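Trainee: The structure that follows is given in the form of structure tokens.
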Amino acid sequence: MLFRSRDGSLFIAQIGRLLRLDGIDGKLASPPKPVVVTEAFPKFEHHGWRYIKFGPDGWLYMPIGAPCNICNREEPIFASIMRMKPDGTGMEVFASGVRNTVGFDWHPVTHELWFTDNGRDELGNDLPPDELNRAAHAGMHFGYPFCHGGVIMDPEFHDRACSEFEPPVQNLAPHIAALGMRFYTGAMFPPEYKNAVIIAEHGSWNRARKLGYRVMVVKLDGNKAVSYEPLVSGWLDDQTDEVWGRPADVEVLDDGSLLISDDWKGGIRSEERRV
């Protein structure tokens with residue numbers, strides 16, 4: 001589950017429903033009874049982890065992952081990012097063809113939605129890439145299950161061309177399980193990091209040699225990616241394949257420092273880079 005606060009209420013996303021605890025800030029010692037906002041979500045556990053965040057439009061956004069490694073479900077809600085009003089009404093699909101995202105953010109200047117997406121398994125060690133995508137408006141399709149990385153036709157679902165879909169802004173490394181991402185809006189890091197995309201790569205689980213286990217930065221020129229490089233690493237020993245941590249999410253604090261959560265060790269690290 002994931003929590004998000006708004007106007008004094010705490011929203012709790014579970015696999016099949018959304019709850020709300022009203023006025024929680026003043027009732028921490030004796031929390032109120034949860035209000036069920038909606039129970040309209042699919043209840044599949046596969047890619048069922050819910051990430052929620054309120055957008056600049058005031059709507060609550062939430063991914064509904066594909067309930068499989070690779071499949072083409074008829075229900076439009078699967079493999080999507082959906083949105084709804086805070087009271088649970090008006091639920092609609094915002095972006096389609098999104099296999100599994102658990103990290104998205106809005107560009108601080110354009111207010112467009114950007115998100116990471118995890119590529120499918122069972123195409124080998126080096127295919128397909130994970131993705132960083134940009135949804136400039138509602139109704140865009142990002143390729144799954146037909147096309148991966150903007151150019152790779154799926155061997156099982158190949159009846160639609162890659163040219164029909166929105167290509168990634170940046171292809172990420174394969175199987176690295178890109179999770180949380182944020183635009184860097186602080187002033188502590190050098191100027192070239194301003195509005196860059198910072199991504200937590202959780203790390204591969206089924207690759208012959210492990211990959212990921214690091215925090216990466218994608219620097220931009222407008223909406224174009226100009227670099228994709230490590231910001232923080234050291235959780236993976238490339239020689240022994242030993243893992244010491246798995247970054248899961250990032251958060252930019254008001255002072256410009258960056259918090260990195262590690263769900264392998266169950267801790268939070270602070271990263272500071274002075275100008």
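Trainee: Check whether at least one residue in the range 237-245 is among the small types (Gly, Ala, Ser), buried (at least 17 other Cβ atoms within 10 Å of the Cβ), over 24 Å from Ala135 (Cβ atoms) and over 18 Å from the mean Cα position of the chain (by Cα), and report yes or no. So that I can check it myself, show each step before the final result.
Mentor: Taking the range 237-245 and keeping what is among the small types (Gly, Ala, Ser), we get 245.
Applying the additional criterion that residues be buried (at least 17 other Cβ atoms within 10 Å of the Cβ) yields 245.
Keeping just the survivors that are over 24 Å from Ala135 (Cβ atoms) gives 245.
Keeping just the survivors that are over 18 Å from the mean Cα position of the chain (by Cα) gives 245.
Within the range 237-245, one or more residues are among the small types (Gly, Ala, Ser), buried (at least 17 other Cβ atoms within 10 Å of the Cβ), over 24 Å from Ala135 (Cβ atoms) and over 18 Å from the mean Cα position of the chain (by Cα).
Trainee: Does Asn133 qualify as being assigned to a strand (DSSP E or B) and either surrounded by 20 or more Cβ atoms within 10 Å (Cβ to Cβ) or out of contact with any Phe, Trp or Tyr (no Cβ under 6 Å at 6 or more places or on another chain) (or both)? Steps first, please.
Mentor: Numbers: assigned to a strand (DSSP E or B): yes; either surrounded by 20 or more Cβ atoms within 10 Å (Cβ to Cβ) or out of contact with any Phe, Trp or Tyr (no Cβ under 6 Å at 6 or more places or on another chain) (or both): yes.
Judged against the criteria, Asn133 is a match.
Trainee: Continuing with the same structure: Output yes when any residue across the range 262-270 is open to solvent by less than 70 Å² (accessible area, probe 1.4 Å), touching a residue at least 12 places away in the same chain (Cβ under 8 Å) and within 19 Å of Trp49 (Cβ to Cβ), and no when none is.
Mentor: The answer is yes; a qualifying residue exists.
Trainee: Any residue in the range 87-105 that's within 14 Å of Phe165 (Cα to Cα): show its pairings with residues that are of a type in the set (Asp, Glu) at Cβ separation under 7 Å, as long as the two are six or more apart or on different chains.
Mentor: Qualifying pairs under 7 Å: Val98/Asp117; Arg99/Asp117.
Trainee: Find the strands (runs of 3 or more DSSP E) located wholly in the range 27-94 whose residues include 1 or more that are open to solvent by 10 Å² or more (accessible area, probe 1.4 Å), and list them.
Mentor: Ranges flagged: 35-38, 80-84.
Trainee: Restricting the range 95-112 to residues that are of a type outside the set (Gly, Ala, Ser) and assigned to a strand (DSSP E or B), which is nearest to Asp57 (Cα to Cα)? Talk me through it step by step, then tell me what you get.
Mentor: If we filter the range 95-112 for residues that are of a type outside the set (Gly, Ala, Ser), which is where we start, we get 98-102, 104-112.
If we keep only those that are assigned to a strand (DSSP E or B) too, we end up with 104-106.
Working: Phe104: 15, Asp105: 13, Trp106: 11 Å.
For the range 95-112, the residue satisfying everything is Trp106.
Trainee: Kindly provide the set of residues from the range 95-106 that are more than 26 Å from Leu10 (Cβ to Cβ) and either open to solvent by 20 Å² or more (accessible area, probe 1.4 Å) or of a type in the set (Phe, Trp, Tyr) (or both), ordered by number.
Mentor: Once the filter is applied, which keeps residues that are more than 26 Å from Leu10 (Cβ to Cβ) and either open to solvent by 20 Å² or more (accessible area, probe 1.4 Å) or of a type in the set (Phe, Trp, Tyr) (or both), the range 95-106 yields only Ser96.
The values are calculated or read from the model by the stated rules, or taken from the named source; none is laboratory data. These numbers were taken from a predicted model, which means no experiment stands behind them. A quick note on method: Cβ atoms are made from the backbone with ideal geometry, for glycine too, and the neighbour counts reach across all protein chains shown. Surface accessibility is based on the protein's heavy atoms, side chains included, excluding ligands, DNA and RNA. Shrake-Rupley method; radii C 1.70, N 1.55, O 1.52, S 1.80 Å.
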